[in-house]
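The values are calculated or read from the model by the stated rules, or taken from the named source; none is laboratory data. Everything quoted here is computed from the prediction, not taken from an experiment. Methodologically, a virtual Cβ is constructed for each residue, glycine included, from the backbone with ideal geometry; neighbour enumeration extends over all protein chains shown.
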Amino acid sequence: MKPRILLAFGLVGLAAALRLLPHPPNVTPVAALALFGGAHFQDKRLAFGAPLLAMLLSDLVLGFHSLLPLVYVTFAATVLMGMFLSQRRSLLAAAGAAAGASTLFFLVTNFGVWAGGTLYPMSISGLITCFVAAVPFYGYSIAGDLAYTLALFGAFAMAERKMLLFAPQSGA
């Protein structure tokens, strides 16, 4: 197998495992894996498959809920954000994309919570209350996404420079 494909499978396993271990709310490596896959995997099936498989494997243990389709779509959109990073893989660009991914997740999933109609009134006031209640989780998301993204992109950039094994190749 190609080294980048092996790396992808390793990252899937690591991301799934880290979701199962105790962690602060929303501090998981899945968004970082989605950005990384979009930026580094030329095979788009691998780019989209890695974070979604990590989610599915861990959700088999954690359980499923009604917002998961929104969560999965958000991570797929994060892969698309990562594809824009493929031509400008700097830590600053990765940090900006991580903050963007956190914001996208916050907006989409909390809108979904409100739209579900069971926790908040179906009014502008209810929507605002929903978003305000979620602000602490947003802080956790940004911190986790930034930390995991910078660690993943930084470590891989070092590996690319130090080991020809991880140099870009076609098809992976």
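Across the stretch 1-20, which residue is surrounded by the fewest Cβ atoms within 10 Å (Cβ to Cβ) among those that are of a type in the set (Gly, Ala, Ser) and under 28 Å from Leu164 (Cβ atoms)? Among those residues, the one meeting the criterion is Gly10. Of all residues in the stretch 26-59, those that are of a type in the set (Lys, Arg) and not in a helix (DSSP H, G or I) total 0.
Among the residues of the stretch 21-39, those that are surrounded by 24 or more Cβ atoms within 10 Å (Cβ to Cβ) and either without any contact (Cβ under 8 Å) to a residue 60 or more places away in the chain or not small (Gly, Ala, Ser) (or both) comprise Thr28, Pro29, Val30, Leu33, Leu35, Phe36, Gly37, Gly38.
Here are Ala147, Ala155, Ala143, Ala151: which of them is under 16 Å from the mean Cα position of the chain (by Cα), loosely packed, with under 14 Cβ neighbours inside 10 Å and of a type in the set (A, V, I, L, M, F, W, C)? Walk me through it before giving the result.
Working: Ala147 fails: loosely packed, with under 14 Cβ neighbours inside 10 Å; Ala155 fails: under 16 Å from the mean Cα position of the chain (by Cα); Ala143 fails: loosely packed, with under 14 Cβ neighbours inside 10 Å.
After ruling out the rest, the residue left standing is Ala151.
Out of Gly144, Gly112, Gly82, Gly96, which single residue is in contact (Cβ under 8 Å) with a residue 60 or more places away in the chain and assigned to a helix (DSSP H, G or I)? Spell out how you get there, then give the answer.
Details: Gly112 fails: in contact (Cβ under 8 Å) with a residue 60 or more places away in the chain; Gly82 fails: in contact (Cβ under 8 Å) with a residue 60 or more places away in the chain; Gly96 fails: in contact (Cβ under 8 Å) with a residue 60 or more places away in the chain.
Being in contact (Cβ under 8 Å) with a residue 60 or more places away in the chain and assigned to a helix (DSSP H, G or I) holds for just one of Gly144, Gly112, Gly82, Gly96, which is Gly144.
The condition (being out of contact with any Ser or Thr (no Cβ under 7 Å at 6 or more places or on another chain), of a type in the set (Val, Ile, Thr) and at pLDDT 95 or above) is satisfied by just one residue among Val71, Val79: Val79. Considered as a group, the residues in the stretch 40-50 that are more than 22 Å from Ala143 (Cα to Cα) and among the aliphatic types (A, V, I, L, M) include one that is surrounded by the most Cβ atoms within 10 Å (Cβ to Cβ), and that residue is Ala47. For Thr109, the test of being under 25 Å from His40 (Cα atoms), surrounded by 16 or more Cβ atoms within 10 Å (Cβ to Cβ), of a type in the set (Ser, Thr, Tyr) and at pLDDT 95 or above is failed. Applying a threshold of 6 Å to beta carbon distances and a minimum spacing of six or more residues, or different chains, the list of pairs starting in the stretch 5-19 at a residue that is under 19 Å from Asp43 (Cα atoms) and outside any helix (DSSP H, G or I) and ending at one that is among the acidic types (Asp, Glu) and modelled with pLDDT under 85 is empty.
Residues of the stretch 117-131 being in a helix (DSSP H, G or I) and either over 16 Å from Phe106 (Cβ atoms) or touching a Cys at 6+ places or on another chain (Cβ under 6 Å) (or both), which ones? Result: Ile124, Ser125, Gly126. Is there a residue in the stretch 150-161 that is closer than 16 Å to Thr103 by Cβ and modelled with pLDDT of 90 or more? No, every residue in the stretch 150-161 fails to be closer than 16 Å to Thr103 by Cβ and modelled with pLDDT of 90 or more. Against the test of being closer than 20 Å to Asn26 by Cα and either touching a Leu at 6+ places or on another chain (Cβ under 9 Å) or in contact (Cβ under 8 Å) with a residue 40 or more places away in the chain (or both), the options Phe131, Phe106 yield a single qualifying residue, Phe131. Within the stretch 1-47, being at pLDDT 90 or above and among the polar types (S, T, N, Q) holds for Asn26, Thr28.
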